[in-house]
1. Considering ASP97, ASP86, which residue is modelled with pLDDT under 90, out of contact with any helix residue (DSSP H, G or I) (no Cβ under 9 Å at 6 or more places or on another chain), part of a helix (DSSP H, G or I) and not β-branched (Val, Ile, Thr)?
2. Taking the range 187-212, which residues are open to solvent by 30 Å² or more (accessible area, probe 1.4 Å) and farther than 21 Å from SER265 by Cβ?
3. Exactly one condition in (1) open to solvent by 30 Å² or more (accessible area, probe 1.4 Å); (2) at pLDDT 90 or above; (3) within 25 Å of VAL117 (Cβ to Cβ); (4) assigned to a helix (DSSP H, G or I) is not met by TYR350; state its number.
4. Residues being assigned to a helix (DSSP H, G or I) and in contact with a helix residue (DSSP H, G or I) (Cβ under 9 Å, 6 or more places away or on another chain): count how many of those fall in the range 355-372.
5. Being open to solvent by 20 Å² or more (accessible area, probe 1.4 Å) and in a loop (DSSP other than H, G, I, E, B) is the filter here; which residues of the range 50-64 pass it?
6. Taking the condition assigned to a helix (DSSP H, G or I) and closer than 30 Å to ILE353 by Cβ, does ILE236 pass?
7. Going through the range 91-102 one residue at a time, which ones are out of contact with any Ser or Thr (no Cβ under 6 Å at 6 or more places or on another chain) and either surrounded by fewer than 20 Cβ atoms within 10 Å (Cβ to Cβ) or polar (S, T, N, Q) (or both)?
8. Any residue in the range 249-265 that's over 18 Å from VAL217 (Cα atoms): show its pairings with residues that are basic (Lys, Arg) at Cβ separation under 8 Å, as long as the two are six or more apart or on different chains.
Amino acid sequence: MARANPASTRLSANPGAAATRQPRLPALRKVVEAFPADGVCLVVTGEVGPGTVAYLRVLADVLDVSAVITTPGHDQSAVPTAHLGDVLMLTPDHPRDLLRTAVEYTGRLTRRAAAPVVIQGPGHLLSEEGSGLLAEQGARGAVWSAQCGVGWQTVEPVQPRLPVFTTTGSALDSLAHTPVGYAIAQTLEVRLRRDLARSLSDCAVAVLGFGERHTAVAAALRALGADVGVCDPDPISTCAAVLAGYRVVDRATLLGGADVVIDLSGDLPADTAALGLLKPETVVLTEGFHPSDQDQDSGLGALIRVEQYEGTTVCRFEDQPLYLMTGLAPSHVDERIVGRLHDLLCCELYLCIRELAHRPHPSGVHQLSPGQCEEIAWIWCDTYRRPA
């Protein structure tokens, strides 16, 4: 059962603040003006942060933001949801009910709305089962809103049963690597200090892999003082790590000596043999793995949840405690860097919504064309570049 959260104000900017401060997401505002998407109902699912609120306030000028379905247990005390005005806010009673709530609301909306209905949500919501249920309820399609470091296919290939647009692998994707790496490292440092009274400068950190995103994260971790070790099964990536000056050892040795493990693929929590190599109280930063999908008292594969708070899950593996951290959004970093990146990614998400609204697409995974990405890039550059 979902709870509807009342809203107190209309979805509009504060006139007094607008006179003294530049509006948020200026590039998105220009893209919306250049490429209007009239006649579409948008349903957004997942955690709601300040960036999401700013994004939806801009979109509300050109389309119907019908509902926001939030993650239960997510601390929204610092999020200005009042600025979402009369947008319906739904919060399921349990994490496992997020998909069911989205499906039921989508069905009601498609039956009463003449406009096409598009869902925006995290990738784990759009499994084959989830996408099939949304398709049965008449959804036009979905936009997968990526998390830091997460690819579209993380553990098993997904064949969605409705059209899904994703920004992963697009022509703009490579621009995000360095800012996202910086964001992950900075937010990890904040969480370690706040939740565990630790600091990266005192930690041996294992980075599993040395692809583009891993490289950016490793560099940001090293800049914060961490002792970074790397392993990658690919010999060329291993060479790149050695040339970059990282400590490179075999996977078992790296895991056994780590205080923090960076697992951007989300494979580690399900790998019993690898978990057995970890020291007690190791912190595992993992993406593409969603403990909120499980029952509160159930096992997470080989892990048993003990408690969960603000993105950190305290687990037990056999007789030793471990800490899982997920969902490291860029919330504790320099706004000049991540704010501009967020603006760029919001432009891409918006054009994905517009593509689904304008014409039907076959089921499966889709991306914007290189030409559309170039249009976004030119508008973004025109917004942010400064005279020499």
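The values are calculated or read from the model by the stated rules, or taken from the named source; none is laboratory data. Computed from a predicted model, the values in this text were never measured in an experiment. When we count neighbours, we look across all protein chains shown, and the Cβ atoms used for this are built from the backbone with ideal geometry, even at glycine. Just the protein is used for accessible areas: all its heavy atoms, side chains included, with ligands, DNA and RNA removed. Shrake-Rupley method; radii C 1.70, N 1.55, O 1.52, S 1.80 Å.
1. One residue alone meets the criteria, ASP97.
2. VAL190, ARG193, ARG194, ASP195, LEU196, ALA197, ARG198, SER201, ASP202
3. With respect to (1) open to solvent by 30 Å² or more (accessible area, probe 1.4 Å); (2) at pLDDT 90 or above; (3) within 25 Å of VAL117 (Cβ to Cβ); (4) assigned to a helix (DSSP H, G or I), TYR350 is out only on (1).
4. Looking only at that region, the number is 2.
5. ALA60, ASP61, VAL62
6. no
7. Those that are out of contact with any Ser or Thr (no Cβ under 6 Å at 6 or more places or on another chain) and either surrounded by fewer than 20 Cβ atoms within 10 Å (Cβ to Cβ) or polar (S, T, N, Q) (or both): ASP93, HIS94, ARG96, ASP97, ARG100, THR101.
8. Qualifying pairs under 8 Å: GLY256/LYS279; GLY257/LYS279.
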